[in-house]
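Notes to accompany the following structure.
The values are calculated or read from the model by the stated rules, or taken from the named source; none is laboratory data. Since this is a predicted model, take the numbers as computed values, not measurements. Here the Cβ is made from the backbone with ideal geometry for all residues, glycine too, and neighbour counts use every protein chain on show.
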Amino acid sequence: LGVNINGLSLNSQKKEKELQTLVEDHRPDVVCLAEVNVAWQNVEPDKQLDVRVSAWWPDAFTACAWYEGSPEAQTKQYQPGGVAIVVRQRDCVVDSGRDTRGLGRWVWVRIRQENDRHLTVVSAYRPVHNPNASFSVYSQQAEHFKNGSGNIQSQCPRQQFLIDLKSELKKFRDCDDEVSLFIDANGNVANPKTDLGRILKTYSLEETTIRKFGARSPPTHKRGSVPIDGLFLSDHVPVKKTGYLPFSDLSDHRPLFVDISAKTNDWKIIRFLFDLTIKYMSFDLVVD
């Protein structure tokens with residue numbers, strides 16, 4: 001299950017209770033959150049995310065990412081952007097990591113499946129183009145890139161996000177992992193011709209609701225006209241159920257969900273058929 005939570009309050013339990021209700025109603029194994037808006041390094045131990053979710057998932061594993069290097073994040077608890085993943089059972093997690101630039105653009109968790117297979121779950125937030133707001137995610141990242149931190153190909157935060165995400169996805173696929181990506185892209189995820197769409201296609205990631213129902217998907221933001229949030233999955237992993245949940249007081253974004261088969265034998269059958277199809281397609285091309 002994935003949702004842009006539009007900020008998790010540290011001084012009120014209202015949104016936390018709404019999130020708990022969502023989890024109890026739909027019983028997911030993994031929850032991906034975007035735009036958490038918290039600099040966790042400045043939060044008291046008893047208000048950390050793992051403590052907050054322990055009331056409903058006592059054995060949970062949590063992973064968070066936020067822009068650690070911003071001047072504001074050094075002292076304030078509020079930091080725009082940021083992401084998190086919560087996994088119901090800690091013992092199935094074998095590894096985790098986050099955006100290596102320290103910008104809080106994504107976080108990932110590697111989950112052990114059957115037969116030594118692994119599923120890497122990613123929660124990501126791509127900033128909306130908002131250069132004039134001094135404390136926006138976009139302007140903070142633009143300032144970071146302007147200062148020349150690291151190997152940078154573009155000073156546009158949205159473009160550099162794609163460049164870096166592509167490299168990260170390649171690492172996961174090079175490990176032969178299946179990948180599940182929840183992303184608030186702040187752009188039309190139903191359009192395969194965007195830069196994001198082409199990158200995800202390169203690594204055989206399909207948006208699950210579009211795979212199931214076609215490209216005419218509803219907006220995922222209350223004031224939007226197209227889906228800007230998406231749940232992408234390796235294309236040969238069987239999808240049992242997927243869809244959007246209604247808007248609620250939790251956020252101005254719809255929650256998204258996907259239910260996949262935990263049996264990796266199902267994946268192997270589809271992958272074998274996929275590889276066999278490619279093999280004979282290639283053979284036909286050579287003969288012609």
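Here are some notes:
- Ile228 meets the stated requirement of being under 15 Å from the mean Cα position of the chain (by Cα) and surrounded by fewer than 23 Cβ atoms within 10 Å (Cβ to Cβ).
- Condition check for Gln20: in a helix (DSSP H, G or I) and within 20 Å of the chain's Cα centre (by Cα): yes
- Long-range neighbours under 6 Å by Cβ, at least six apart or interchain, first residue modelled with pLDDT of 95 or more within the range 20-44, second among the basic types (Lys, Arg) and not in a strand (DSSP E or B): Asp29/Arg88
- Against the test of being in contact (Cβ under 8 Å) with a residue 40 or more places away in the chain and within 25 Å of Gln79 (Cα to Cα), the options Gln140, Gln155, Gln159 yield a single qualifying residue, Gln140.
- Scanning the range 209-254 for residues that are outside any strand (DSSP E or B) and among the small types (Gly, Ala, Ser) gives Gly214, Ala215, Ser217, Gly224, Ser225.
- Some residue of the range 106-120 being on the phi > 0 side of the Ramachandran plot and either in contact with a His (Cβ under 9 Å, 6 or more places away or on another chain) or part of a helix (DSSP H, G or I) (or both): yes
- Hits in the range 81-105 - residues which are part of a strand (DSSP E or B) and either small (Gly, Ala, Ser) or out of contact with any Lys or Arg (no Cβ under 9 Å at 6 or more places or on another chain) (or both): Ala84, Ile85, Val86, Val87, Ser96, Gly97, Leu103
- Selection from the range 65-80 of residues that are under 15 Å from Ser9 (Cα atoms) and not in a loop (DSSP other than H, G, I, E, B): Tyr78
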